[in-house]
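Any read-out appearing in this document is the output of simple, stated calculations on the displayed coordinates, not a laboratory observation. If you're wondering where the values come from, they're calculated on a predicted model, not measured in any experiment. Using ideal geometry, Cβ is built from the backbone for each residue, glycine included, and neighbour counts are taken over all protein chains shown.
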C-alpha cells in the first residue's frame with residue numbers, strides 16, 4: 001500500500017519541540033530543494049516495522065523522515081542509528097536505491113536516543129496485503145519478483161573497493177561472527193526453552209561455510225516490505241530501506257533472508273505486517289528465486305540450504321528479542337503479545353529444512 005504516515009502510536013511520542021528546533025537549525029545546511037523550515041511542522045509516524053521507529057516531519061511541501069531505536073533497553077550493538085547513517089551515507093553514492101541521509105544526532109537529550117534524518121521516497125510498500133495493482137495480477141507479481149532478485153544481485157555486484165566501501169566492515173569470518181552472535185542473542189533473550197533453537201545453533205556452528213572468493217555488500221534484511229515500488233510500474237523498485245544490519249561479507253546471507261521471508265513466517269492464523277503474500281499465484285517459487293539469482297550473479301548456490309536455515313534462525317531470534325522486551329514490560333505494543341508462537345513456528349520450519357538437508 002502507499003506508505004502513508006499516521007497518528008503516532010501511544011507510548012512512542014517524542015519531544016516534538018526539541019526535535020523540530022534541532023531540525024530547523026541544521027536542515028537548511030543540507031541543500032534540500034524547496035525546504036522552508038519556517039512552515040508549521042506536521043508530525044506523524046509510519047506504521048510499518050517492529051523494531052526501529054520511523055517518523056515523518058513535514059515542513060510545507062518537504063517531508064523529512066526521522067529514525068530512532070525502540071523505547072526501552074535494547075540488546076548491545078542492536079538498533080545502532082549511527083551505523084545505519086554511515087552505511088546510508090556510503091551506499092547512497094553507489095546504489096541510488098538507498099535513500100539520502102541528511103543529519104545524524106548523537107545528542108540523546110534531544111529525543112532520548114541517537115537518531116538520524118533522511119529523505120522520503122514515495123511509492124508502494126507491500127506488507128500483509130497487496131495494493132490493487134498487484135491483487136489478482138500474476139503477471140505483475142512476476143515482474144515484482146524478478147525486480148527484487150535482480151536488485152539484490154546488482155547490489156551484490158557492487159565493487160567494494162572501487163565503491164570506496166572497504167572501510168565499512170571486515171568481511172573475513174563474517175558468517176561465523178553472524179552465527180555466533182545470533183546464537184548468543186538467543187541465549188540472552190529466550191523466555192522458554194526451545195530444543196530446536198539450541199540444535200539449530202549447534203548445527204550452524206558445526207557447518208560454517210568458508211569465506212566467499214569476493215565479498216559483497218550484505219544488506220542484512222532484504223525482504224519484500226523493505227523495498228518500495230513505483231506505483232505506475234510495480235516491476236520497478238524506487239527504494240531499499242532498513243540498512244541497520246548491513247555489512248561486508250557473504251552475499252548468500254541476503255539470499256537466505258529472501259527465501260526465509262518468501263515462505264510463511266508465522267502460523268496461518270496470524271495475519272499482519274510480518275506475514276507474506278508471496279504464496280499467491282505469479283510470485284516466484286523458491287526454485288525460480290534461486291535460478292534467477294544464480295543466472296544474474298554467476299554465484300555457486302549449491303550450499304544455499306545453510307543460508308536458508310541460518311536466516312530462519314536469525315529471524316526467530318529477532319522476534320524473540322522483541323517478545324523478550326514485551327515480557328519485561330519494556331514495550332507495551334500489543335502486536336508483540338503472541339510473538340512466542342512465531343518463534344516456535346520458525347524454529348520448527350528451520351528444523352524441518354535441516355532434516356531434509
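What ranking do 130, 25 get, fewest neighbouring Cβ atoms within 10 angstrom at the top?
Listing 130, 25 from fewest to most nearby Cβ atoms yields 25, 130.
Sorted from largest down, give the three principal axis spans of the alpha carbons of segment 148-287, whole angstrom values.
Its Cα atoms span 47, 47, 26 Å along the three principal axes.
So between residue 21 and residue 40, what do we pick up on full extension, going 0.36 nm a residue minus the alpha carbon distance?
Full extension from residue 21 to residue 40 adds 5.7 nm.
Please arrange 332, 355, 37 by counting, for each residue, the other beta carbons lying within 10 Å of its beta carbon, fewest first.
355, 332, 37
Against the longest principal axis of the chain, how steep is helix 339-356, in degrees 0 to 90 to the nearest 10, with axes from Cα atoms?
That works out to roughly 40 degrees.
Please report 314, 223 as a ranked list, fewest other C-beta atoms within 10 angstrom at the top and most at the bottom.
223, 314
May I ask you to compute the full-extension gain from residue 187 to residue 280, defined as 0.36 nm times their residue separation minus their alpha-carbon distance, rounded to one decimal in nm?
In short, 29.9 nm is gained.
P(r) for segment 1-134: what percent of alpha-carbon pairs falls in each 10 Å bin, starting at zero?
Cα pair-distance distribution for segment 1-134, in percent: 11, 41, 38, 10, 0.
Please give the FRET efficiency for residue 29 paired with residue 8, using the beta carbon to beta carbon distance and R0 = 22 Å, rounded to the nearest 0.05.
0.20
Taking the DSSP beta bridges in the chain as the whole, what percent of them are antiparallel, to the nearest 5?
100 percent
Mind putting together the pair-distance distribution for segment 192-256? All Cα pairs, 5 Å bins, whole percent per bin, short to long.
3, 14, 15, 16, 17, 16, 8, 6, 4, 1
Helix 195-206: angle to the longest alpha-carbon principal axis of the chain, degrees 0 to 90, nearest 10?
80 degrees
Return one number: the angle in degrees, 0 to 90 and rounded to the nearest 10, between the long axis of the Cα atoms of helix 174-189 and the longest principal axis of the Cα atoms of the chain.
80 degrees
If I build a Gaussian network model for the chain, linking alpha-carbon pairs within less than 10 angstrom, which residue out of 334, 98, 294 has the largest mean-square fluctuation?
334
What percentages make up the Cα-Cα pair-distance distribution of segment 123-178 when the bins are 5 Å wide from 0?
4, 14, 15, 16, 12, 10, 12, 12, 5, 0
As a check on your grasp of the helix formula, calculate [θ] at 222 nm for the chain: sum -39500 (n - 2.57) over DSSP H runs of n ≥ 4, divide by the residue count, round to the nearest 500.
Mean residue ellipticity, 222 nm, calculated: -12500 deg cm²/dmol.
Give me the mean projected area, in nm² to one decimal, of the convex hull enclosing the Cα positions of the chain.
Taking the Cα atoms of the chain, their convex hull projects to 17.5 nm² on average.
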